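Worksheet: one structure, shown below.
The values are calculated or read from the model by the stated rules, or taken from the named source; none is laboratory data. In this text, all values refer to a predicted model and were calculated from it rather than measured experimentally. Note that each Cβ is placed from the backbone with ideal geometry, even for glycine, and that neighbours are counted across all protein chains shown.
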Amino acid sequence: MAEKFLAEYLRLSVEDGDIISNDTKAESDSIRHQRELIARYIRDRQLYPAIRPLEFVDDGYSGTNFVEVR
């Protein structure tokens, strides 16, 4: 049987901008909070216990600065 994955998609909030210094950006609070909420939701409901989560993160990109790659 093929291995199954649970896809988790985290995306930057427009209001979130965590510039540390010299334009270095830490992981945004929005991404961290989304990760915690998704993990808690899955854990509390005991969803997909045998399926490994696969995380996709768009930190630093939003609908306002997304560039299509061809």
Task: Hits in the stretch 7-43 (condition: touching a Leu at 6+ places or on another chain (Cβ under 8 Å), hydrophobic (A, V, I, L, M, F, W, C), modelled with pLDDT of 90 or more and closer than 15 Å to F56 by Cβ) - done: A7, I38
TODO: Among the numbered conditions (1) of a type in the set (S, T, Y); (2) modelled with pLDDT of 65 or more; (3) outside any strand (DSSP E or B); (4) surrounded by 11 or more Cβ atoms within 10 Å (Cβ to Cβ), tell me where T64 comes up short.
DONE: (4)
TODO: Can you run down the residue pairs with Cβ atoms below 6 Å, 6 or more apart or on separate chains, where the first is in the stretch 43-56 and farther than 8 Å from L6 by Cβ and surrounded by 10 or more Cβ atoms within 10 Å (Cβ to Cβ) and the partner is of a type outside the set (S, T, Y) and at pLDDT 90 or above?
DONE: E55/E8
